[in-house]
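Below: one structure, written as structure tokens.
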Amino acid sequence: MKKIVSAALVASMVAGAAFAADAKITLNYRTKLDAFSQVSTDNDGTKTVYKEWLDWEGYDGAGKQAATNAADTFKFVLNGDRAGATFAVNINENTKTSADVSTTTTKNKVADKDGKEMDKAVTKVTSSALFTLNEYSAWMKWELGEGELKIGSGNWKDGYADGAYRVKKDVDAQNAEGMDFERFKLGSILKGSKKLAFIDDLAAGGNNSALFSYADYGFQAGDAAKVNVLLGSVYNKFDTVVDDDTTTYYDAFFVSRVQVAMEALNAELIFKKPAPHVMDFGAYFMPKVVDGLTLNIGGAAEIDNREEDAGGYTDWAFDVRARYQATDELSITFFTNLSGTNLKAGRTIASGVTGHKGAEGYATEASFKTAMWNNLSARYKVSDLLALTLNVGLITPLSKTENDDNSYSPEWRVTPAVQVYAASNASIWGGIALSGASAKVSDKDNSVFAVQVPVIFRVKM
């Protein structure tokens, strides 16, 4: 019944949007490759050198994540004064037809009726579609009292967040599709803090089919401030397969956000209730200090209030983001994030791409109580057709789990590059990426060093 109501709500909003005056179609197209890639590892004196000429997404251990972040997007937007709708799809790469299907069979250990262990074959069928849904949403708004009420509903694969707080004006091609610039969004950089990893994404649910519905009321608080209060819910559908029987179940969780906009300060407070025993909090502040400086300072926490031996924990994260337009030609962006957990077992640093295969890097092998990510980026526009960019990223483990006797170095990546523009929304970006990390594990020295030449062709329409 809830699905029918939700579908009817979206359909009615789309029908209302048909009377809107403004229609827009956008396309975000990217072609990306590594013109050269060489990764060298030294595992306690045993050296292995990898040298391959191929697409970096298939080469890197986190290529699937990078491919998801970098998917080309086709979007249709229809907006008016009182209603609007958006439909967007991702264009999947390396797909010949929507009928492409792959089948994998694995054997799992299960117990028979007498308790004896036996193998059971489990077959998983995965279809590869040419398009995947990125967003469908609609909204309507009315004047109500001294303010304005906006009601919306839909699905946002890439999140429903206020992008201004992410301070990513210079992200475009310079991000190398998740490898540079904004490697982590606002929230925790520790893997396992799933709801905290993108805290200001209000639409984040347990899966990409979650439906997000909200009511947002905006009003003027005196002459000094504009206030928006949002209340919403994320509605999930899950399918589980046990002994070839499919069980479908549903859940929903509550989200809220309060935003305040003033002459000297913008701020947002976020509260989520993703599970009966879990609460998420976020608070971010954007003070207006000097001309040319965009600054965001804030943090977030996730609290599981069960007893520790029953799975309770507290995760936290602190963010500072700043962008300074030093001159008309030069802009500098700085990100820093400090994240931690009180879990005895710790958490690993969220998987990402740092210029090497990932499996050799500590980020997928070690657990930390606290870790820090720093990123410094600069862009210098030589002319309307040419820009020089530099990105320096650093991930530093600060506190290990109690039983970890190993030692880990910071994981780093430096990428000087050149961006050539055919127009303001079309460019070719290419650079030289140097990255590395080292660790002493079980008294054995392990290190990795990588050299890559990433190239990205981008057209936005």
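The values are calculated or read from the model by the stated rules, or taken from the named source; none is laboratory data. A quick note: this is a predicted structure, and the numbers were derived from the prediction, not measured. Every residue, glycine as well, gets a Cβ built from its backbone with ideal geometry; the counts of neighbours run over all protein chains shown. Ligands, DNA and RNA are excluded from the accessible area calculation, which covers all protein heavy atoms including side chains. Shrake-Rupley method; radii C 1.70, N 1.55, O 1.52, S 1.80 Å.
Just a few scattered comments:
- Chain lengthening between Asp405 and Asp445 when straightened (0.36 nm per residue, less Cα-Cα): 13.1 nm
- For the listed peptides 424-434, 137-147, a ranking on the average number of other beta carbons within 10 Å per residue, highest first, reads 424-434, 137-147.
- The share of accessible area on region 152-232 that comes from carbon and sulfur is 51 percent, using a 1.4 angstrom probe.
- Extension gain for Asn342 to Phe76 (0.36 nm times residue separation, less C-alpha to C-alpha distance): 91.3 nm.
- For the residue pairs Lys195/Lys288; Lys75/Lys157; Lys381/Lys460; Lys191/Lys400; Lys157/Lys185; Lys24/Lys226, alpha carbon separations beyond 21 Å are given by Lys195/Lys288; Lys24/Lys226.
- With the cut-off at under 18 Å, measuring from each backbone N in region 312-333 to a point 7 Å along the Cα-to-Cβ line of Leu376 picks out 320-327, 330-333.
- Length gained on full extension, Glu146 to Leu434: 98.1 nm, using 0.36 nm per residue less the C-alpha separation.
- Förster-model FRET efficiency, 41 Å R0, His277 and Asp223, C-beta, rounded to 0.05: 0.45
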